[in-house]
Each structure stands twice: as C-alpha cells, then as structure tokens.
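Below: the structure, in structure tokens.
The values are calculated or read from the model by the stated rules, or taken from the named source; none is laboratory data. Treat the numbers as computed from the prediction; the structure is a model and nothing was measured. Ideal geometry is used to build each Cβ from the backbone, glycine not excepted, and the neighbour counts take in all protein chains shown. Areas reflect the complete protein model, heavy atoms only, side chains present, ligands, DNA and RNA absent. Shrake-Rupley method; radii C 1.70, N 1.55, O 1.52, S 1.80 Å.
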Amino acid sequence: MNDDRAWVSEAIRKLEADFNRSADTHLFEIDLPGLRNIDIYIKDESVHPTGSLKHRLARSLFLYGLCNGAIAEATTIIEASSGNTAISEAYFARLLGLPFIAVVPRSTSHQKVEQIQFYGGKVHFVDHAVEVYDASQRLAIETGGYYMDQFTSAEKVTDWRGNNNIAESIFRQMSKETYPIPHWIVCSAGTGGTSATLGRFVRYQRNATKICVADPENSVFYDFYQSGDRNLTLQSGSRVEGIGRPRVEPSFIPGVIDTMIRVPDVASFAAIHVLEEILDRRFGGSTGTNIFASLQLAGAMAMAGKHGSIVTLACDPGERYADSYFNQKWLVDNGYDIEPCRRKLLSFIETGIWDFPPD
Ligand SMILES: Cc1ncc(COP(=O)(O)O)c(C=O)c1O
C-alpha cells in the first residue's frame, strides 16, 4: 500500500477507534402530569464528546472525504457553520492532525468560538450568515484545502439505513417502552441532514412514525415546504443558533417530512426555560423549538383522544448560550418577553390543554 493510502487507512482506523470508545447518547422521558397515555421522550445529543448532534455528522463528513480520496495528509479542512459542526469537525481534525478553519457568522456565541479554538481550529468571521458559503469556497481555493460543505453533503454522508445513525438509536432505545413506535419524531433543520436521516429511516423500516420539522423565524424552510419554491432567500439569518436558514439548503429533503410547524422565537426561548425548571438542565434554543412543537403535537393528540409517544431531540447544551437565551438582559434588549408563553407551557404540562393560537 503506498504512503497516501496508508495514511488514509490509519486516519479511518483512528475515527473508528474514537467511535468505538464513545457511548451512545441517552433517551429520557419527560414527566407531563396533564397528559394521559401520551409519552414524550428526549434524545439527548448534547452529551456527545463535542456537545451536539453534529458529532455524528462531523464523523460521517470526515469518513466521506477520506473514502472519496479528497482528504490526505496535511489537507486543510474548511467548513461553513453556525458553530456546532465546526466544534465537532475541529475535534476530528485534531484527532487526524489536520489544520482546520471554521467560517462562522460574527454573531456566533463566543463560547462556541472558544471551543473551536480549544480543539486547535482557526476561526474566520463573516458579517452575515449568507456569506459563509462563498467565504469557505474562497478559503479552500486559497489554501488548496477541502471544503466539507455540510449544507450540501449532510444528506449524502449519513447512512440512513442504519449503522447506528440517530434514527436507529432512537428505535432501539424505544423498543421496551409502552408505545415503542413513536407517533411523531420532531426535529428542526439547519442543513436538513437530521430530518433526512429520520424520514428515510422510518420509511425504510416501513413503520408508521411521522416526521415533524419545527422551523424558527427568519428561515425559508417552512415557506419552501408550503410553496415548493426552492429559490426562496432571506437577507437575515435565524436567531435560534443552528437551525433555520436564509436559503433552501441542498440537504433539506421535503419529501421525507410529514408536516412542519413554525415556532416563534419567543416560544423556543420560553420552552428551554421551562425545560430548565422541570429537568434542571439547560439546552440550546433549537431544543426549545423542538419541545414547543412536540408539546403542540401532544396537545393535538390529546384533543383527538389519541394515545402514543413522541420523540424529540436535545441538540446542544444551554451553557453555550449563557450570554443570550439564558441572559435576562439579552432577552429584554432583543424584545423577547418569554413570561406569558412560559406560564402557558407550564399550565399545559399540568392540564394537557393547549391554549395557544393555531399554527
Ligand atoms: C443546535 C442545533 N440544532 C439543530 C441543528 C439541525 O441539524 P441539521 O443540520 O441536521 O438539520 C443544528 C445544526 O447545526 C444545530 O446546531
């Protein structure tokens, strides 16, 4: 075997060894006294070694690049990210001894920037979310490096038939529950890779589970899902880090999504404060978006007299948002009065009556 191939083989062995050392993420049930025979579970992806659901994607992106012959010894890795993917990719780049450059919007939380740098990554800032693509392309040309391009590749690099993807893990962990086949799995979308994997897996497994994608404000996904217009764009980016996009990303696959819910940002932020009260755990904004949509679906199931389970995702830890979603001054300065929604959610948890305006 020549040296290049030997290096690639050793790199793949290191990635597989890292995977072999890692445990799977937990699935836990949340207690909702007001809901009878409707069980809600959270798949906690914040406990991955790099702290988010992006740990899975980053590993798949590296394996894809290595097995495609696109990554070799000393290749500079470049990625466009809202932070979490870059943190996970910086971790794997360090594992393989490769230089890494993250292209992130200037608004990205400093906690995330510091974590990218902790793993030896360099950070290239752009002023607006829409600028990350071109800046990454340019850097790849200037450095002769490899642009991972999660937004295009996410739906391609993940094995949706199994191989311990997030869907297979959820169904394995649900197998001994009262309602082992979830009625709904709820996630949100940044690249769209997670919803693509979930939607393809449930169809491949031929079970009745439906996929709901929750979308924040300042995102084109919900409108695209309704209209089919792939050319929709927005100038400003989403305020819920990690999800919602100013353009329809190539990895967003509407055909595997059964419904979408648009969640107001104030509701996403109120929901993570409610989670902190009932679980004593802090999660990021996208977890709030997921939980709000899951509770809305549970309210609709209760109204319809349906029984079953709903699974959703906790995507990253709230510690990354101590200066924003968990900072009262930031919430007030940005016009987010979470109190009315927080109270309504707590009342729903007690009564099972969903008292919010229709979607
Ligand atoms: C915190 C968080 N939640 C959810 C997502 C959405 O995941 P996906 O890119 O698979 O759609 C991301 C993606 O970056 C994220 O960072």
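The combined condition, being under 24 Å from His48 (Cα atoms), touching a Pro at 6+ places or on another chain (Cβ under 6 Å), within 15 Å of the ligand (Cβ to nearest atom) and touching a residue at least 24 places away in the same chain (Cβ under 8 Å), is not fulfilled by Thr312. Here Val47 meets the list (1) under 12 Å from Cys315 (Cβ atoms); (2) in contact with a strand residue (DSSP E or B) (Cβ under 6 Å, 6 or more places away or on another chain); (3) open to solvent by 20 Å² or more (accessible area, probe 1.4 Å) almost entirely, failing just condition (2).
Scanning the range 147-179 for residues that are among the hydroxyl-bearing types (Ser, Thr, Tyr), buried (at least 20 other Cβ atoms within 10 Å of the Cβ) and not in a helix (DSSP H, G or I) turns up Tyr147, Thr158. In this entry, Lys306 passes the filter for residues that are assigned to a loop (DSSP other than H, G, I, E, B) and either more than 16 Å from the ligand (Cβ to nearest atom) or open to solvent by less than 50 Å² (accessible area, probe 1.4 Å) (or both).
For Val248, indicate whether it is away from the ligand (no atom under 13 Å from the Cβ) and either assigned by TED's automatic domain parsing to the domain that holds Glu114 or modelled with pLDDT of 95 or more (or both). When the stated conditions are applied, Val248 does not pass them. Would you check if there is a residue in the range 218-229 being open to solvent by less than 10 Å² (accessible area, probe 1.4 Å) and under 17 Å from Ser294 (Cβ atoms)? No: zero hits.
Quickly run through the range 180-195 and pick out the residues that are surrounded by 24 or more Cβ atoms within 10 Å (Cβ to Cβ) and either in a loop (DSSP other than H, G, I, E, B) or near the ligand (Cβ under 8 Å from one of its atoms) (or both). Of everything in the range 180-195, those that are surrounded by 24 or more Cβ atoms within 10 Å (Cβ to Cβ) and either in a loop (DSSP other than H, G, I, E, B) or near the ligand (Cβ under 8 Å from one of its atoms) (or both) turn out to be Pro182, Cys187, Ser188, Ala189, Gly190, Thr191, Gly192, Gly193, Thr194, Ser195.
Residues considered: Arg343, Arg320. Of these, the only one that is part of a helix (DSSP H, G or I), under 24 Å from Gln115 (Cα atoms) and in the same structural domain as Leu279 (by TED's automatic domain parsing) is Arg320. Per the listing Val220, Val256, Val202, Val240, the residue uniquely within 15 Å of the ligand (Cβ to nearest atom), within 23 Å of Pro182 (Cα to Cα) and modelled with pLDDT of 95 or more is Val256. Per the conditions (1) open to solvent by 10 Å² or more (accessible area, probe 1.4 Å); (2) touching a Ser or Thr at 6+ places or on another chain (Cβ under 7 Å); (3) of a type outside the set (Phe, Trp, Tyr), the sole criterion not satisfied by Gly335 is (2). For the range 31-44, filtering for residues that are open to solvent by 10 Å² or more (accessible area, probe 1.4 Å) and basic (Lys, Arg) leaves 1.
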